[in-house]
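Here the structure comes first, spelled out in structure tokens, and everything after it is commentary.
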Amino acid sequence: MFRLQGSRVLAVDMTGDAVKAKNGSMVAYDGQMSFKKLTGGGEGLRGMVTRRLTGEQMTVMEVKGHGTCWFADRASEINLVSLQGDKLYVESSNLLATDAGLRTGTTFTGLRGASQGNGLFTTTVEGHGQAAIMSDGPAVVLRVSPQYPLIVDPGAYIAHQGSVRQSFQSGVTFRTFLGEGGGEAFQIRFEGDGLVYVQPSERNTIAGDL
């Protein structure tokens, strides 16, 4: 259903099924399609409450029909993630599209989200199907194992999946070490068994500095 054309365009072939995508990300389609605007933050009452608390107004659209749709967003690199009943945690700004059968929601992430201006929540995607996530530059997929915890700069983090615990540790970040930041800094520490997706270009935010 999901396939890449190059590294920056997602093609989705549909035979009567549906896909949810970031609003405004469709660049072309053929065949017969119907479109419906949805609101992000998760389904149901909890999603409404989350949007009210965080102020996040990420909008998504549902595309349904027969044919092919092509999606892209600001020439970002696109990465496909297959879910087999597990859960993907992803920054809302990095989520491009999901199978309509996948459930989306939100989860509390604490300090990191607040420091980046993304609210205190991150988006969750779970179920069986595919999701397309975006990165500024080609994403790198890093393995976390019980023997080797992973430390990530907050500005480079995109997503993670698997049996992974995340925590925040204060101290010198990569940027403050190079004299590019000030104030109290922190990093994200991942432990357990799973995958972490990082991008080679940091966001233009406060990142690891408070």
I'm told ARG46 meets every condition in (1) modelled with pLDDT under 95; (2) assigned to a strand (DSSP E or B) except one. Can you identify the failing condition by its number?
(2)
Please give the number of the condition GLY129 fails out of (1) surrounded by fewer than 17 Cβ atoms within 10 Å (Cβ to Cβ); (2) closer than 25 Å to GLY6 by Cα.
(1)
Can you confirm whether segment 100-109 contains a residue that is at pLDDT below 80, open to solvent by 40 Å² or more (accessible area, probe 1.4 Å) and either of a type in the set (Asp, Glu) or outside any helix (DSSP H, G or I) (or both)?
yes
Every residue from segment 23-32 that is open to solvent by less than 50 Å² (accessible area, probe 1.4 Å) and either touching an Asp or Glu at 6+ places or on another chain (Cβ under 6 Å) or in a loop (DSSP other than H, G, I, E, B) (or both)
SER25
Members of segment 1-15 found to be part of a strand (DSSP E or B), open to solvent by 30 Å² or more (accessible area, probe 1.4 Å) and of a type outside the set (Lys, Arg), listed by number
LEU4, GLN5, VAL9, ASP13, THR15
Taking strands (runs of 3 or more DSSP E) that fall entirely within segment 119-187, which contain at least 3 residues that are in contact with a Ser or Thr (Cβ under 7 Å, 6 or more places away or on another chain) and modelled with pLDDT of 95 or more?
121-135
Hey, can you tell me all the residues within segment 60-91 that are under 15 Å from GLN5 (Cα atoms), charged (D, E, K, R) and assigned to a strand (DSSP E or B)?
GLU77
Can you confirm whether segment 56-72 contains a residue that is within 28 Å of GLU202 (Cβ to Cβ) and at pLDDT 95 or above?
yes
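The values are calculated or read from the model by the stated rules, or taken from the named source; none is laboratory data. As the structure is a prediction and not an experimental result, all values here were calculated from the model. FYI the Cβ positions are ideal-geometry reconstructions off the backbone, even for glycines, and counts take in every protein chain you see. Side chains are part of the model used for accessible areas, which takes the heavy atoms of the whole protein and leaves out ligands, DNA and RNA. Shrake-Rupley method; radii C 1.70, N 1.55, O 1.52, S 1.80 Å.
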